[in-house]
1. Mean Kyte-Doolittle hydropathy of 1.0 or higher plus an axial Cα length of 15 Å or more: which whole DSSP H helices in the chain meet both?
2. Taking 7 Å along the Cα-to-C-beta vector as the label spot, tell me the Glu234-Leu218 distance in nanometres, rounded to one decimal.
3. Loop only by DSSP, 16 or fewer other Cβ within 10 Å of the Cβ. Give me the trypsin sites (Lys or Arg not before Pro) in segment 137-238 that pass, ordered by residue number.
4. How big is D for segment 105-241, in µm² s⁻¹ as a whole number, if Stokes-Einstein is applied with the Kirkwood radius of its Cα pairs at 37 °C and 0.692 mPa s?
5. Students often get this wrong, so check it: of Lys53/Lys165; Lys118/Lys146; Lys76/Lys224, which have C-alpha atoms separated by over 22 Å?
6. Whole percent per 10 Å bin, from 0 to the bin with the longest distance: what is P(r) over all C-alpha pairs of segment 126-181?
7. Which net charge results when you count Lys and Arg as +1 and Asp and Glu as -1 among the other residues whose beta-carbon is under 13 Å from that of Glu230?
8. Sum up the charges of everything whose Cβ sits under 11 Å from the Cβ of Thr48, counting Lys and Arg as +1 and Asp and Glu as -1, but leave Thr48 out.
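Coordinate-derived values only; no laboratory data. Because the structure is a prediction, the values reported are computed rather than measured. Every residue, glycine among them, receives a Cβ derived from its backbone with ideal geometry; neighbour counts consider all protein chains shown.
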Amino acid sequence: MLKKCLQESNYTVVMTGAGMSTESGLPDFRSANTGMWTQEDPSQIASTEALNKNVEKFFAFYRQRVLGLNECEPHKGHDILAKWEKEGLIQSIITQNIDGFHQEAGSREVSELHGTMKQVHCQTCGKIYGNDTYVEEKFQCECGGKLRPSVVLFGEMLPEDAFMKAQEESEKADLFIVLGSSLTVTPANQFPMIAKQSGAKLVIVNLEPTDFDIYADLVIQDRKIGEVLEEVNEELEQEER
């Protein structure tokens with residue numbers, strides 16, 4: 001059924017959430033229970049307030065996250081989405097993830113709603129550095145400003161460009177596929193409904209049920225995203241032979 005939806009669509013948009021990242025071995029932000037964070041609320045540390053008032057904890061938290069990220073890589077699902085983009089089967093990706101794996105796998109049209117942890121930038125002058133500065137425990141810019149990950153912190157707005165692009169893509173979609181998102185975080189969970197209201201078919205692939213399943217034309221649960229995408233890709237390739 002997913003293969004048929006893809007083949008019949010002229011404009012397909014994919015939205016990915018934490019479930020896409022966890023299949024690469026990256027821990028879910030909300031369940032980040034690595035050692036020192038078992039007693040801490042990450043939302044209190046990954047915030048603008050912590051950057052300004054509790055900076056040592058902020059740096060330590062994000063250094064741990066960068067180290068964890070740099071040990072992981074895109075999985076077969078990321079590779080298939082990049083392949084489908086090249087083949088014109090999908091037109092763009094909206095992601096809630098900050099791992100940069102879509103671009104690493106070769107996807108080009110990616111709207112990063114929550115920024116990226118592949119780089120850091122100076123809070124004062126805006127200069128951009130690679131995240132290796134955090135690995136090396138360098139947290140200060142040449143100008144003396146604090147280096148922070150280029151992600152959306154608690155207390156900040158989503159990047160306007162990425163948000164507007166995601167909205168436009170959702171309105172254009174004939175088919176909108178959600179991969180690995182519980183659809184509980186606003187405003188990202190608006191996009192499937194924007195697509196649906198604009199006439200798109202909605203497909204939700206997630207391990208657990210979501211509140212939006214009732215609006216979906218197809219729901220796939222209890223399966224890994226990579227396996228689902230690989231299965232569809234094999235079906236498509238068999239047809240071409």
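1. Numbers: long enough: 55-70 (22 Å, 0.07); 76-87 (16 Å, -1.38); 160-172 (18 Å, -1.64); 225-240 (23 Å, -0.93).
Helices passing the filter in the chain: none found.
2. Going by the 7 Å Cα→Cβ label model, 1.7 nm.
3. Working: sites: Lys138, Lys146, Lys165, Lys172, Lys196, Lys201, Arg223, Lys224; in loops: Lys138, Arg223, Lys224.
Of the trypsin sites (Lys or Arg not before Pro), the ones in loops of segment 137-238 whose Cβ has at most 16 other Cβ atoms within 10 Å are Lys138, Arg223.
4. Working: Rh = 17.6 Å.
Translational diffusion coefficient: 186 µm²/s.
5. Numbers: Lys53/Lys165 33 Å; Lys118/Lys146 17 Å; Lys76/Lys224 11 Å.
Cα-Cα > 22 Å for Lys53/Lys165; rest within.
6. 18, 32, 27, 18, 6
7. Details: positive: Lys3, Lys76, Lys83, Arg223, Lys224; negative: Glu23, Asp79, Glu227, Glu231, Glu234, Glu235, Glu237.
Cβ neighbours under 13 Å give a net charge of -2.
8. Values: positive: Lys53, Arg148; negative: Glu49, Glu156.
Taking every Cβ under 11 Å from that of Thr48, the sum is 0.
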